[in-house]
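Asks: Sharing a structure with you now.
The values are calculated or read from the model by the stated rules, or taken from the named source; none is laboratory data. What you see is a predicted model, and the numbers here were worked out from it, not measured in a lab. Cβ placement follows ideal geometry from the backbone for every residue including glycine, while neighbour counts extend to all protein chains displayed. Ligands, DNA and RNA are excluded from the accessible area calculation, which covers all protein heavy atoms including side chains. Shrake-Rupley method; radii C 1.70, N 1.55, O 1.52, S 1.80 Å.
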Amino acid sequence: MSHTRTSLLAAMALVAGATGTALAVGQAGAATSAVTCTVDYKVQSQWDTGFTAAVTITNNAAAKSGWTVKWSYAGNQKVTNGWNGKISQNGADVTVANEGYNGNLASGGSVSFGFNGTYSGTNSVPATFTLDGVTCNVDGGGPTDPGPTDPGPTDPGTPSGKANNPYTGAKVYVNPEWSAKAAAEPGGSKIANQPTAVWLDRIAAINGVKGGMGLRAHLDEALKQKGSGELVVQVVIYDLPGRDCAALASNGELGPNDIDKYKSQYIDPIVSILSESKYAGLRIATVIEPDSLPNLVTNAGGTPTTTDACVTMKGNGNYEKGVSYALDKLGAIPNVYNYIDAAHHGWLGWDSNLGPAVQQFHKVATTNGASVQDVAGFIVNTANYSPTKEPHYKVTDTVGGQTIRQSKWVDWNQYVDEQSFAQAMRDKLVAAGFDSGLGMLIDTSRNGWGGSARPSGPGPQTTVDGYVDGSRIDRRIHAGNWCNQSGAGIGERPTAAPAAGIDAYVWVKPPGESDGNSAPIPNDEGKGFDRMCDPTYGGNPRNGNNPTGSLPNSPLAGQWFSAQFQQLVRNAYPPLS
């Protein structure tokens, strides 16, 4: 997929709900010297014999370099597996200790972990928690968890009946086809139960390709996974006419003028299936046309990255017409939540790009039958590698009186990571007329950047370039590199409401699926050979004429790439346990 910029450029997942997050913040803010610690324990989803829980600890005492939390169950709950903590159980007693990467707990700071468990009968919240032997309160002193199906006071829903954040209190669909491939790889069992999106990247995918699962089959499987709780199914809508005009690797099957075919043979059949009453109990999050509208902003005229194909798509208006049509038709389905693709900070992070992008998004959401009410939110970093958060440097840092924006890597960008970019974009979108409840998604499937090359702290205070290059966890040669990146790793696990304005961290690009072929491969999918996927290529204006940093021997976009998957597992951050 094209991820360019211009400078002129599980079966359950942890879903830490908005209600729990709000409670933890509120407790920390109201803490007194008598409240040494608070613990927010939430049953995020629950089914006949199992559940997923999220726990947030807030430390109101002196800073800690390690921590241990304990509680006892009144019932027969058993922890089966967890994340972001070392969890053990002896009878009814549970002990959770920090991992090596999250032991530091500042005064007033919080840390979260989660787990899956089994139960029968009643699944009540434990009455008492301790942090390093000191008793903590729970939700102000007692268990007040409203249960997995109650949205809680911070998520009352919208007038249309939709949840403000569909990921809150919900499991997320685990694609069994991807899960099987992941489990067959060395180390893959550690993430095979994570939720990933279903990509409808051509008309044939709606009914299934080469014996694979079609949309109905996935939705039927989702109903089985749903049980009695809520479940989100993530579906990528990705087949615009003249698709991905700035990258050959992800070109599509429809020609630039096939807008009628897009509507009648692609969107309409999808809408028909999603509208079936049997699927009304599912929450369906659609990711609308990755790369399309951002390409109109940066690559369709007047910049060094302009392409004839993007000029054509801007001229004929078929990207805009197609996206508007999809928003209108899909948005009319009560249980569908549309998220428009909004590129990433290394593409739209300059004010000269971000402002026009917001205008472009608003135009598409208010023309050709679409309304801002058809938009639940936006997604950034789809199938890309930009870190969620850069831990060792900020865009406001200076070295020797020089702003780090002057460094070659930052290149005068206003942002250095995806979360700050997403939150700023959200503010601008709301100011432009989108709903104040707008939510953002961040694709964290391949942006962890762990492994031995990951810096452990800030770079040297010598030059702005030395400082940034020594600090950044993003180890790409250039932020414009997007194809099968060498050194990348699995990122944050899918999580609901991880930060203000962020609906969820999600894995939209399934780890292990190629971005594009490293050499020409004949195919019937409309996919070409993009030199940005060739590790021997010296680059172009989109990546500052730098090497691509791509892995060798890669298959067609969307096909399984074992070497990439194994690299992502090795370099995962947080590390896999």
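Asks: Send over a whole-number figure in Å² for the accessible area per residue of the chain, probe 1.4 Å.
Replies: On a per-residue basis, the chain sits at 35 Å².
Asks: Starting from the Cα gyration tensor of the stretch 165-226, take the square roots of the eigenvalues, sort them a ≥ b ≥ c, and report rounded, prolate or oblate (rounded when a/c is under 1.5, otherwise prolate if a/b is larger than b/c, else oblate).
Replies: oblate
Asks: Could you list log10 I(q)/I(0) for the stretch 407-531 at q = 0.10, 0.11, 0.13 Å⁻¹, which the Debye formula gives when each Cα is one point scatterer?
Replies: Those come out to -0.44, -0.53, -0.73, one per q.
Asks: Could you tell me the center-to-center distance, by alpha carbons, between the stretch 422-488 and the stretch 322-386 in angstrom?
Replies: 20
Asks: What ranking of Lys278, Lys171, Lys226 comes out by heavy-atom accessible area, probe 1.4 Å, highest first?
Replies: Sorted by accessible area, descending: Lys278, Lys226, Lys171.
Asks: If one computes the Cα centroid of the stretch 76-129 and of the stretch 514-534, what distance in Å separates the two points?
Replies: Taking the Cα centre of the stretch 514-534 as reference, the centre of the stretch 76-129 is 45 Å away.
Asks: Please go through the residue pairs Lys278/Lys389; Lys224/Lys261; Lys70/Lys224; Lys224/Lys329; Lys162/Lys224 and name each one whose alpha carbons sit more than 28 Å apart in this structure.
Replies: Checking Cα-Cα distances, Lys278/Lys389; Lys224/Lys261; Lys70/Lys224 exceed 28 Å.
Asks: While we're looking at this one, here's another question. How would you rank 52-65, 76-89, highest first, on the average number of other Cβ atoms within 10 Å across their residues?
Replies: 52-65, 76-89
Asks: Over the stretch 450-540, what percent of the accessible surface lies on carbon and sulfur atoms, probe 1.4 Å?
Replies: The value for the stretch 450-540 is 52 percent carbon and sulfur by accessible area.
Asks: For the chain, what does the helix formula give at 222 nm: sum of -39500 (n - 2.57) over DSSP H segments with n ≥ 4, over the residue count, nearest 500 deg cm²/dmol?
Replies: Rounded to the nearest 500, the figure is -6000 deg cm²/dmol.
Asks: Ranked highest first by the average count of other Cβ atoms within 10 Å around their residues, in what order do 487-494, 174-181, 91-98, 333-340 fall?
Replies: 487-494, 333-340, 174-181, 91-98
Asks: Around Leu231, what is the net charge, scoring Lys/Arg as +1 and Asp/Glu as -1 over all other residues with Cβ under 9 Å from its Cβ?
Replies: So the surrounding residues net to +2.
Asks: Which value, in debye to the nearest 20, describes the size of the charge dipole of the stretch 378-508 about its Cα centre when Lys and Arg Cβ atoms bear +1, Asp and Glu Cβ atoms bear -1, and nothing else is charged?
Replies: My answer is approximately 220 debye.
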